[in-house]
Amino acid sequence: MNTKQKWISRRIGAFVTGAAVSLLLSSATFAADVTTIKVLNWQPGGPKYWAALVEAFETKHPDIKVELETVPFDRYAEVQGPYIATRSGPDVMEQNAGLELFDRRMGYIELSDDVLAAGDDLLGRVGGCLGYDLSNACYGLPFGLQGNVMYYNKQVLSAAGLDPENPPTTWEDFGAACDAINAIDKTCLALGMTGPFPAYWSFPEIARNFLTEDDIRAILAGDMPWTDPKMVSILTAMAEIPQKGWSNSNAPSISMLPDATDIFASGNAGFAGTIIADAVNWAAFGEALGDENLGAMRWPAIVPEAPLAKSFSGVESSVFGVTSWSEKPEAAAEFVKFIAGVENGNLLTSLGGGIPLNSKVDPALFPKSEALSQIREIIAKPTIHVGVLLSGQEVDALARGWQEVALGRLTVEDWVGRMQVALEDSPGKN
Amino acid sequence: MESPHMNLRRSESPKRRGSRQAGIWLIALLVAPAIILAVTFKLVPLVRVVWMSFQKTQGFYEPSFAGLANYEAIFRDPMFITSFRNAFMVFLSLPVWVFLPLIIAILLFQRTPGWKAFRAIYFLPYMIAPVVVGIMFRQILAPDGPLNAMLIGSGLEGFAIEWLNGPNSALFALTAVALWSFFGLGVLTYLAGLSTVSQEVIEAARLDGAGFWRLLFNFALPLLKPVVGYWTVLCMSGMLIWMFPLVYAMTRGGPGSATMLPEYLVFITTFEFLNRGKGAAIGIALFIFVAVISTFVVRQMYRDGRGKSQ
């Protein structure tokens, strides 16, 4: 190697060493400046919306990086439970508003006034506060409205000789429609009875026919026994659905999501009782069936004159809160504030197919869809969503009891007994 | 009068005694990690669970002492009774779990045509994660799934049922899937036992006119008795635990409580119902249940082993 070559090799060596040192230093600086928070969620609104949400948040907060741990909705409680039991894991968690949040509040910190102020533009945030009372401790902020509607497939209704523009509004009419749909070898109501779906998606729509808002508050407090005639009426009406052959025969062993919604999305069912936003909404069904073939309606009224029969079982979708064990509560709180903000509301509306709670969201962002327009009319008259006021024990007993009733192995009377035991065994209600 | 042992001890030289002590220390040193691990990860958690089972837990709040209340509660809970009844039903399939792998192992050991390929094929299901197996079979066993399509295609419409929807068929299907998933391990266990037997012995038995069943009952079973015992214990203690991921992925204990097994009940009681004390009490009941039934087989194995050594 001559002198020139030696000089060049020394220069290259120095350059490489310098570059390596700068890289190390910049990595160290990056590591010191960026806080990574982990967010446990079930991705309401879908992956596209969540990717945009994280990107928007990280752009606004370049010093915070978000890591998502996404779990299917019907497995959420089972994954979250061990985190709360061991008091370790994510910095931010998603939770259904209502009793589910109240029961698990040990996993969350009480949000400060500063964080709660980020929810000032929300049309409602009471479901994140203990006992549905804003004067109590609040553990989470919501971002969207959630609740139940029944979707219908106009093509199936037409094929069954029904008027697709006038779907059934009463229980009797619904029964007649089911007979017509069954006659063309289609399922009338796509139903899955496993997991939390019976409690969250079906039960509230039947319950509205028999309960007042005071009754619903009594359920939250644990003061409404399942032996009450009103509660017995609800279970009796639920039992009728499989007993009269309105639902698919395998309903007891499948889940609403994805199994039963697949039946509806594949065009094999006339109706499906799901939700207004998140995974199985008007957008997903519209994509599968064609927007022009999809309609949304209230569940048919069993007792049309009941005070809540024409209401919408609505709830602040889910709420996001800061975990009590988080070592990065400030960064986690920033995420919770962002969730409630208008920027996220706009994303939810335009990308997530959701109904935002933030009043500042631009209404022009709502996509064009007949089913969505129908939903926006239905949600105008909301009532308390009774499903999210059931305890874990009640949710489980409701689903298992319904399965056994559908299979003819349990009477409604015994189901009532089991529900009462579940209520008495519910820690949050005793 | 001095005992001969004392004389022996006296006659031991200091150098030898030192070397013996060093040996004891070395043994203790080598055994210590295993003991520490066993105490830390087996004994301590077990004691904690026992303690937790005497605690009253309200959600995830600090527990308080409850005495035997959780045990009284579980015996009043019909779901607890059902889960153990289901466990008992699963145990009734134990002979299949024990003998099916044995028969297959002997067929493979006899160098049946294609035995190398079959050996791999039989072991393959064991290598698939049980949750994946569960998800897979949820599709296969669906009313319009491939199994029913095959049955209908073969003219066996009567057998094309809603496997996971029927109260009895669901537990049967679940047990069959668990067997499919784990019997490869049994085949491998028996093959390991058979590897100590010379092929010539088999040939000799065949020349003497022994057919397959005679080979099985007069030759394989007596020779493999300890291995059969070992696999039986493993199945008895493992069956219920192995089935947890399948219950989780396929049925969630339903329809109703048709496939509810004790371990899944522990899981939902603890993490869905937030009742850790009751969950721990069910866990202890399961532990005792498995320990009691395994003890019979282990004692039998121990007796057999002693008989052989004498």
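For segment A:336-412, the helices (runs of 4 or more DSSP H) that sit wholly inside it and include 3 or more residues that are of a type in the set (Gly, Ala, Ser) are A:392-406.
Quick check on residue A:339: is it farther than 19 Å from residue A:127 by Cα, buried (at least 18 other Cβ atoms within 10 Å of the Cβ) and away from chain B (no Cβ under 14 Å)? So residue A:339 fails the test. Selection of segment B:253-268 for residues being facing chain A (nearest Cβ under 9 Å) and more than 9 Å from residue B:83 (Cβ to Cβ) yields B:254, B:255, B:256, B:258, B:267, B:268.
Among the candidates A:272, A:251, A:239, A:218, the residue that is surrounded by 24 or more Cβ atoms within 10 Å (Cβ to Cβ) and either within 22 Å of residue A:392 (Cα to Cα) or more than 24 Å from the chain's Cα centre (by Cα) (or both) is uniquely A:251.
The residue pairs whose first member lies in segment A:225-243 and is closer than 17 Å to residue A:387 by Cβ, whose second member is among the β-branched types (Val, Ile, Thr), and whose beta carbons are closer than 7 Å, counting only pairs six or more residues apart or on different chains, are A:226/A:416; A:234/A:206; A:235/A:412; A:235/A:416; A:237/A:206; A:237/A:302; A:238/A:206.
Total residues in segment B:148-176 satisfying the condition of being away from every other protein chain (no Cβ under 14 Å) and either among the aliphatic types (A, V, I, L, M) or in contact (Cβ under 8 Å) with a residue 60 or more places away in the chain (or both): the figure is 7.
Here the condition is being in contact (Cβ under 8 Å) with a residue 24 or more places away in the chain and crowded, with 23+ Cβ neighbours inside 10 Å; of A:110, A:94, A:69, it holds for A:94 alone. Screening residue B:256 against (1) over 21 Å from the mean Cα position of the chain (by Cα); (2) modelled with pLDDT of 85 or more; (3) outside any loop (DSSP other than H, G, I, E, B) leaves a single unmet condition, (3). Residues of segment A:125-160 that are part of a strand (DSSP E or B), in contact (Cβ under 8 Å) with a residue 40 or more places away in the chain and not aromatic (Phe, Trp, Tyr): A:141, A:142, A:144, A:145, A:146, A:147, A:148, A:149, A:150, A:153. Looking at residue B:216, is it more than 22 Å from the chain's Cα centre (by Cα) and over 21 Å from residue A:78 (Cα atoms)? In short, yes. Looking at residue B:156, is it at pLDDT 90 or above and in the same structural domain as residue B:237 (by TED's automatic domain parsing)? Criteria met by residue B:156. Annotation: residue A:388 fulfils all but one of (1) farther than 18 Å from residue A:128 by Cα; (2) touching a Pro at 6+ places or on another chain (Cβ under 9 Å); the unmet one is (1).
Let me confirm something: among A:392, A:353, A:401, which residue is more than 20 Å from the chain's Cα centre (by Cα) and in contact (Cβ under 8 Å) with a residue 24 or more places away in the chain? That would be A:401, the only listed residue that is more than 20 Å from the chain's Cα centre (by Cα) and in contact (Cβ under 8 Å) with a residue 24 or more places away in the chain. Note down all Cβ pairs under 7 Å where the first residue falls in segment B:72-100 and is farther than 12 Å from residue B:239 by Cβ, the second is buried (at least 19 other Cβ atoms within 10 Å of the Cβ) and among the polar types (S, T, N, Q), and they're at least six residues apart or on different chains. Sorted first by the residue in segment B:72-100, then by its partner, the pairs are B:79/B:257; B:82/B:257. Sub-8 Å Cβ pairs linking a first residue in segment B:251-273 that is basic (Lys, Arg) to a second residue that is part of a helix (DSSP H, G or I), at least 6 apart or interchain, are B:252/B:264, ordered by first then second residue. With hydrophobic (A, V, I, L, M, F, W, C), in contact (Cβ under 8 Å) with a residue 12 or more places away in the chain and touching a strand residue (DSSP E or B) at 6+ places or on another chain (Cβ under 7 Å) as the only criterion, which of A:122, A:99 stands out? The conditions single out A:122. Tell me, please, whether a residue that is crowded, with 24+ Cβ neighbours inside 10 Å, at the interface with another protein chain (Cβ under 9 Å from one of its Cβ atoms), touching a residue at least 40 places away in the same chain (Cβ under 8 Å) and touching a strand residue (DSSP E or B) at 6+ places or on another chain (Cβ under 8 Å) can be found in segment A:405-421. The answer is yes, given that some residue of segment A:405-421 is crowded, with 24+ Cβ neighbours inside 10 Å, at the interface with another protein chain (Cβ under 9 Å from one of its Cβ atoms), touching a residue at least 40 places away in the same chain (Cβ under 8 Å) and touching a strand residue (DSSP E or B) at 6+ places or on another chain (Cβ under 8 Å).
What is the number of the single condition among (1) surrounded by fewer than 21 Cβ atoms within 10 Å (Cβ to Cβ); (2) assigned by TED's automatic domain parsing to the domain that holds residue A:92 that residue A:297 does not meet? Here residue A:297 meets the rest and fails (2).
In the set (1) surrounded by fewer than 16 Cβ atoms within 10 Å (Cβ to Cβ); (2) part of a strand (DSSP E or B), residue A:163 fails one condition alone, (2). For segment A:87-119, a residue qualifies if it is facing chain B (nearest Cβ under 10 Å) and not acidic (Asp, Glu), and the qualifying residues are A:87, A:102, A:104, A:105, A:106, A:107. Within segment A:182-204, the residues that satisfy the criterion of being surrounded by fewer than 24 Cβ atoms within 10 Å (Cβ to Cβ) and either away from chain B (no Cβ under 14 Å) or within 19 Å of residue A:294 (Cβ to Cβ) (or both) are A:182, A:183, A:184, A:186. Taking the criterion of being away from chain A (no Cβ under 11 Å) and free of Cβ contacts under 8 Å to residues at least 24 places away in the same chain, the residues of segment B:135-147 that qualify are B:136, B:140, B:146, B:147.
Applying the selection to segment B:225-253, what residues are more than 18 Å from the chain's Cα centre (by Cα) and surrounded by 22 or more Cβ atoms within 10 Å (Cβ to Cβ)?
B:250, B:251, B:252, B:253
Annotation: of all residues in segment A:275-288 being surrounded by 21 or more Cβ atoms within 10 Å (Cβ to Cβ) and either of a type in the set (A, V, I, L, M, F, W, C) or outside the structural domain of residue A:205 (by TED's automatic domain parsing) (or both), the one that is modelled with the lowest pLDDT is A:280.
Do we find a residue being within 14 Å of chain B (Cβ to nearest Cβ), crowded, with 22+ Cβ neighbours inside 10 Å and at pLDDT 95 or above anywhere in segment A:222-230? Even if it seems obvious, please write down each step before you answer.
From segment A:222-230, those within 14 Å of chain B (Cβ to nearest Cβ) are A:222; that's our starting set.
Add one more test, that the residue is crowded, with 22+ Cβ neighbours inside 10 Å, and what stays is none.
Among the residues of segment A:222-230, not one is within 14 Å of chain B (Cβ to nearest Cβ), crowded, with 22+ Cβ neighbours inside 10 Å and at pLDDT 95 or above, which makes the answer no.
Does residue B:150 satisfy the condition of being surrounded by fewer than 20 Cβ atoms within 10 Å (Cβ to Cβ), over 21 Å from residue B:88 (Cα atoms), under 23 Å from the mean Cα position of the chain (by Cα) and at pLDDT 90 or above?
So residue B:150 does not fit the description; no.
Looking at B:250, B:301, just one residue is of a type outside the set (D, E, K, R), closer than 30 Å to residue B:228 by Cβ, assigned to a helix (DSSP H, G or I) and within 14 Å of chain A (Cβ to nearest Cβ), and that residue is B:250.
The values are calculated or read from the model by the stated rules, or taken from the named source; none is laboratory data. Computed from a prediction, not measured in an experiment: that's the story for all the values here. Every residue, glycine among them, receives a Cβ derived from its backbone with ideal geometry; neighbour counts consider all protein chains shown.
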